[in-house]
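To keep things clear, I will list the structure first and then write my remarks on it.
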Amino acid sequence: MIALLRKLARVGFRKGLGGGGRAWLALGLVSWFAARSKEKGNEPPPLYREVLSPGEGITVRILKPPR
C-alpha cells in the first residue's frame, strides 16, 4: 500500500510540477502525506526521551553485543 502511494506521489509531483497540472500536484501532495502518515504509524516509539536544559549535552555510545 505504501509503495503504491509513493509511486502515485512521484507521478503526481512529476506531472504537477513539470506539466503544470494543479490536479496532479494536489494528488501528489495528498498521496505523499498519506504514505508518510502510514509509515510513521508503523514506527515504534522512542525507547528513551529526556529534556535537556541549556548547556547540557549527551553522549551516545554504541556497544557491540557479546558473541
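Just so you know, all these numbers are worked out from the coordinates, no wet-lab data involved. Because the structure is a prediction, the values reported are computed rather than measured. Methodologically, a virtual Cβ is constructed for each residue, glycine included, from the backbone with ideal geometry; neighbour enumeration extends over all protein chains shown.
Note on segment 16-66: residues that are out of contact with any Lys or Arg (no Cβ under 8 Å at 6 or more places or on another chain), in a helix (DSSP H, G or I) and either among the β-branched types (Val, Ile, Thr) or farther than 21 Å from MET1 by Cα (or both) total 6. Put simply, of ARG36, ARG49 the only residue that is among the charged types (D, E, K, R) and surrounded by 13 or more Cβ atoms within 10 Å (Cβ to Cβ) is ARG36.
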